[in-house]
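Notes for the one structure printed next.
The values are calculated or read from the model by the stated rules, or taken from the named source; none is laboratory data. Treat the numbers as computed from the prediction; the structure is a model and nothing was measured. No Cβ is skipped: glycine too gets one built from the backbone with ideal geometry, and neighbour counts run over all protein chains shown. Accessible surface is based on the protein model in full, side chains and every heavy atom, while ligands, DNA and RNA are left aside. Shrake-Rupley method; radii C 1.70, N 1.55, O 1.52, S 1.80 Å.
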Amino acid sequence: MAKYLVVVESPAKAKTINKFLGRNYVVKASYGHVRDLPKSDLGVDIENDFEPKYVRLKDSSKAIKELKESVKKVDGVLLATDPDREGEAIGWHVAELLKPAKKPMERIVFNEITKRRVQEATKHPRPINDNLVNAQQARRVLDRLVGYKISPLLQWSVRRGLSAGRVQSVAVRMVCEREAAIEAFVPEEYWTLDALLKTERDETFTARLHKVHGEDPSLGNEESVHEVLRGLEDAAFRIHSVERKEVRRNPYPPFITSTLQQEASRKLRFSPRNTMRIAQQLYEGISIGEEGTVGLITYMRTDSTRLASDALDEAREYISKHFEPKMLPEKPNFYRSKKGAQDAHEAIRPTEVRHTPESIRQYLTEDQYKLYTLIWKRFVACQMAPAVFDQTIVTVKAKDCDFRATGSIMKFPGFTALYEESTDDANGEKKDTRLPEVHENEGAELVEYKPEQHFTKPPPRFSEASLIRALEENGIGRPSTYAPTINTIIEREYVAREKGRLYPTPLGKEVNALLVKNFPDILDMDFTARLEADLDHVEEGLREWHDLLRAFYADFERDLDKAQHRLVTEAVGEDVSCPKCNSEMTLEHGWYGMYLRCSKHPDCDGRISLRKKAQTEPTDEVCEECGSPMVIRSGRFGKFMACSNYPKCKNTHNVDSEGNKVAREPREEPVRTDQKCPECGGTLLIRKNRQGEPFYGCEKYPKCRFTKPMELGLKCLREGCDGDLVSKRAKGRRFIGCDQYPKCDFTVFGQVDKETACPKCGNEWTTVTKPRGKPHVRRCPKPGCGFEQEIAEDTDEDASSSDEAHTQSDV
């Protein structure tokens, strides 16, 4: 029997699949991408029809070597990478590297990593799908062109180290425009008028003014309310109509990538990045006792709500056994996917309904259990009967005014017995509002009027969940890009979080303004959405990918030339020529930034350095050291206030977001100790660094620069070592290490928290780290424990939909 090499992306996936296949299969991991465009240059031959120049990734050298050794011992190769564009491209790159082996290579795909699906896939291999590969290549080249061509201009105009991205820049624009709308918002006053009424049966209910003279009431101020009340003097209230109807609420569709990220953000306070990380673990396989390692959910990067027939049968069987008969509809529920969705994929669902969350909880981490429960319940609930409500609308007439009261009572819970989607509504879950018994033409007695003043509210800031929803609704990005996009704009400090909401930083606003001005197409949401649709057409074989790139680059190059011309004019003026031979100059980007080079290079080495003119903003402040005016400058860490007499005077101050000077905190005096400096004999003082961390320093500084870290009062956790842990610093990074080094090389990174013990092993202290742009993470430092947990930040998710409900349209 023939022997096959099966290639997957990750070792976890390889481990799971290896248990499903027999001795005739060797499963190896590529550890992600094996080839990509080079980091050192553009890597795209624009003149040769945008041909990409791929290079092997250094990090994949070991994996490539192992794959090449393995392919020699088999008869064929099965590429079992993920079932999407990215997975298809990874498989193609692997095939290209293994081509010299001259072994047949085929593609197998599966949406879930279970024994049945994997073994079935090996029986139906297919060729690599060139359309999928070309769509991924087109996306990669587009992203490289945008990033590589725009980023140098961004770095020259704002600061070094910045970058632009085709999708991320649009996301930043959306956040900036929402912030601008909030800042420009002017609250408008409006009023509501309620009437507390008593029925003929001595029961009370509240009705709100609905119509005046048959028109919607216009209550813009208190006087308009008094005018209505004057018209209602001595009014008799009468029940005009009672409308009762049955309202059905259908189940929510099963999760796709975007809705899973949104719901996990609202319900579990998971970031999109964390949601996808945990979902990847559930997809690639978890060991669940005697069954061994099995994938618990289907592929998590999908925009399709399609469900396999056998999955529908499992769900319906479970509902029939565990719920009353009315909970099961006569036929399965089907859900329509959005336009452009890839229906070759399935929705995100459990691979087997019999794996209930509680039955496998002991094998899952807390976060895995929470996310799996969310997916499992949503899937089963999507095949249950609708919830049924009895809704009553009572209209009460008083002279020319109509008052309305609405009540709703759940008649049948349906799918809500298992799952209820969370919302951003500040009022939380909807409660039954029961109205008293009333009949048409009955009278009602006025108890009191309840006028209330309101003000319209600005649109709320985006949360991560609502930004994903906005990106999806505008057709920007795809399931695989939502989480990385949001993570990138936060990591690069274009956007920041505050109480679970996203707002643009001053850097983000500056970058966005520059890009909108110079590259309106790239930052246009409709343009970006059309580009995503074009990439889908390439995937479907409806458009040739080189043609797409040619059409894009023609407009992009025009905008690029205009931006470069503005940049050169700003720096050196119009009609600049080579200082050596008077030839035209070309704009180049070198190690030290942008410069103009003679068009006759290398025959002529003429060049002109482009240096950005320092931009300053005047202030009313005066330098307290030399009396010169203070100005606002921009530096590596943002804006600051500096003396205009620099470099003669180097006085500076921090500023707040409004550009106002922030008073310096009084410097804390060093504390003397009885320890002596081992280098000069002086007394050691306890000082504090810029981060507020204490350390020992010599009193004779700066003549003597001896320092040493403070004692931590913690023993080394390595078994057999009796050393003490001390604070250390190497390569600019602070860490904690054993004082017995190099005999013991135990090290820990992060802030020590002596107040919080490890919940897993009981170690008396833990560490907290804050990766850039990511949530805080608590870890246990004890070797072999492995405890790790994201620390949920305080969020203000509950202020979204309720805020959105009271915007200008309410007036």
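Could you check how much of the accessible area of region 200-247 is carbon and sulfur, as a whole percent, using a 1.4 Å probe? Answer for region 200-247: carbon and sulfur cover 41 percent of the accessible area.
Over all other residues within a Cβ to Cβ distance under 12 Å of TYR318, the charged ones net out to 0, with Lys and Arg as +1 and Asp and Glu as -1.
When the pairs LYS68/LYS115; LYS123/LYS377; LYS648/LYS703; LYS103/LYS123; LYS3/LYS102; LYS28/LYS73 are compared against a 22 Å limit on Cα-Cα distance, LYS68/LYS115; LYS123/LYS377; LYS648/LYS703 fall above it. Between amide H atoms placed 1.01 Å from N, distances below 5 Å from THR302 occur with THR257, all of them 5 or more places distant or on a separate chain. The mean accessible area for residues of region 302-370, using a 1.4 Å probe and ignoring ligands and nucleic acids, is 58 Å² per residue.
Along region 111-120 the Karplus relation, 6.51 cos²θ - 1.76 cosθ + 1.60 evaluated at θ = phi - 60°, assigns HN-Hα couplings of 8, 9, 9, 10, 4, 4, 5, 5, 5, 5 Hz to successive residues, with x for each Gly and Pro.
Which entry in (1) 2, 9, 13, 14, 13, 11, 9, 8, 6, 5, 4, 3, 2, 1, 1, 0, 0, 0, 0; (2) 2, 9, 15, 19, 20, 16, 11, 6, 2, 0, 0; (3) 2, 9, 12, 12, 10, 8, 7, 7, 7, 7, 6, 5, 4, 3, 2, 1, 0, 0 is this structure's computed P(r) over Cα pairs in 10 Å bins from 0, in percent? Correct label, based on the coordinates given: (2).
For region 741-746, 3J(HN,Hα) computed residue by residue from phi via the Karplus equation (6.51, -1.76, 1.60; θ = phi - 60°) reads 4, x, 4, 10, 9, 4 Hz, glycine and proline entered as x.
When only C-alpha pairs under 8 Å and at least 6 residues apart count, what is the relative contact order of region 640-697, in percent? The normalised contact order for region 640-697 reaches 18 percent. Backbone amide hydrogens, once placed in the peptide plane, bring CYS698 within less than 5 Å of LEU685, PHE706, excluding anything fewer than 5 places away on its chain.
When each of the peptides 554-564, 668-678, 263-273 is scored by the mean number of other C-beta atoms lying within 10 Å of its residues, the order from highest to lowest reads 263-273, 554-564, 668-678. Measuring r between the beta carbons of GLU420 and ASP130 and using R0 = 56 Å, the FRET efficiency lands at 0.80. Helical runs assigned H by DSSP (4 residues or longer) give the chain a calculated mean residue ellipticity at 222 nm of -9000 deg cm²/dmol, each run adding -39500 (n - 2.57) before division by the residue total.
Computed over region 445-532, relative contact order equals 29 percent, with contacts defined as Cα pairs under 8 Å that lie 6+ residues apart.
Taking each of LYS13/LYS65; LYS676/LYS728; LYS370/LYS754; LYS731/LYS770 in turn, the alpha-carbon distance tops 25 angstrom for LYS370/LYS754. Remark: relative contact order (region 99-197) = 15 percent; criterion is Cα-Cα distance under 8 angstrom and separation of 6 or more residues. Among residues other than PRO350 with Cβ under 11 Å from its Cβ, the summed charge is +1 (Lys and Arg +1, Asp and Glu -1). Once neighbouring chains are kept in place and the probe is 1.4 Å, which whole percent of the accessible area of region 42-164 is contributed by carbon and sulfur? Of all accessible area on region 42-164, carbon and sulfur atoms account for 48 percent.
Over 23 Å apart at the Cα level, from the set LYS517/LYS600; LYS499/LYS661; LYS245/LYS399; LYS715/LYS743; LYS198/LYS397, are LYS517/LYS600; LYS499/LYS661; LYS245/LYS399. Reported to the nearest whole Å, the Cα centre-to-centre distance from region 31-93 to region 707-745 is 42.
Note on region 644-791: with neighbouring protein chains present and a 1.4 Å probe, carbon and sulfur make up 47 percent of its accessible heavy-atom surface. Under a 5 Å amide H cut-off, with hydrogens placed 1.01 Å from N, PHE270 pairs with SER265 among residues at least 5 apart or on other chains.
Listed peptides 488-500, 185-197 appear in the order 488-500, 185-197 once ranked by packing, highest mean of other Cβ atoms within 10 Å at the front. Backbone phi angles across region 75-81, fed through the Karplus curve with coefficients 6.51, -1.76 and 1.60 (θ = phi - 60°), yield HN-Hα couplings of 9, x, 10, 10, 8, 10, 6 Hz in residue order; Gly and Pro are listed as x.
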